[in-house]
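The values are calculated or read from the model by the stated rules, or taken from the named source; none is laboratory data. Fair warning: this is a prediction, and the values are worked out from it, not measured in the lab. Heads up, the Cβs are rebuilt from the backbone with ideal geometry, glycines too, and the neighbour counts pull from every protein chain shown. Note: accessible area is taken over every heavy atom of the protein model, side chains too, but ligands, DNA and RNA are not part of it. Shrake-Rupley method; radii C 1.70, N 1.55, O 1.52, S 1.80 Å.
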Amino acid sequence: MRIGHGYDVHRFGPGDTLVLGGVHIPHDRGIVAHSDGDVLIHAVCDALLGALGQGDIGQHFPDTDPANAGIDSRFLLRRVMQMVQQSHWVVGNLDATIIAQAPRMAPHIASMRKNLAADMAASVAQVNVKATTTEKLGFAGRQEGIAVHAVVLLQPAAQ
Ligand SMILES: [Zn+2]
């Protein structure tokens with residue numbers, strides 16, 4: 001088996017919608033990013049690439065490449081999953097923690113899990129997403145941005 005960890009942070013900026021786990025969430029701010037700013041999917045991609053020993057998302061999809069401007073991060077996740085499958089691994093399970101003071105994530109967690117499971121060739125039961133605040137401490141607590149930690153386990157694909 002292989003384990004991988006991913007961590008990503010994005011800053012809030014002007015806008016009225018966040019994208020997290022492919023779910024569009026109305027908010028009084030948006031996310032500053034070269035892509036769609038899906039910090040959850042970016043952390044998941046980094047966890048998968050970490051488990052593969054293949055560096056990080058920035059190496060594979062540089063933010064200096066105009067082709068990646070505004071890109072749907074689910075497309076990036078599916079590209080990373082192709083690498084997983086080509087290396088003969090499957091997802092054992094994913095556990096991700098969103099760290100944000102706002103907006104409330106609870107109403108959107110089920111949709112995030114569904115999207116991630118679909119893109120990761122996994123069942124919803126293999127894909128856990130949870131959210132926490134930081135009791136108003138630090139950058140997340142001051143609502144300056146959102147952080148996500150993700151841990152993934154890969155198992156050998158059945159021959
Ligand atoms: Zn990111």
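A few points about this structure:
- Here region 1-41 is the region considered, the condition is being out of contact with any Cys (no Cβ under 9 Å at 6 or more places or on another chain) and charged (D, E, K, R), and the residue that is nearest to the ligand (Cβ to nearest atom) is Asp38.
- Qualifying strands (runs of 3 or more DSSP E) (wholly inside region 1-83; at least 3 residues being open to solvent by 20 Å² or more (accessible area, probe 1.4 Å) and in contact (Cβ under 8 Å) with a residue 60 or more places away in the chain): 2-13
- Filtered by the rule that a residue be part of a helix (DSSP H, G or I), surrounded by fewer than 18 Cβ atoms within 10 Å (Cβ to Cβ) and in contact with a strand residue (DSSP E or B) (Cβ under 8 Å, 6 or more places away or on another chain), region 84-107 gives a lone residue, Ala106.
- If the condition is being assigned to a loop (DSSP other than H, G, I, E, B), in contact (Cβ under 8 Å) with a residue 24 or more places away in the chain and open to solvent by 50 Å² or more (accessible area, probe 1.4 Å), then region 108-156 contributes Ala121, Thr133, Lys136, Arg142, Gln143, Glu144.
- Some residue of region 45-53 being within 14 Å of the ligand (Cβ to nearest atom), among the small types (Gly, Ala, Ser), farther than 24 Å from Pro107 by Cβ and at pLDDT 95 or above: yes
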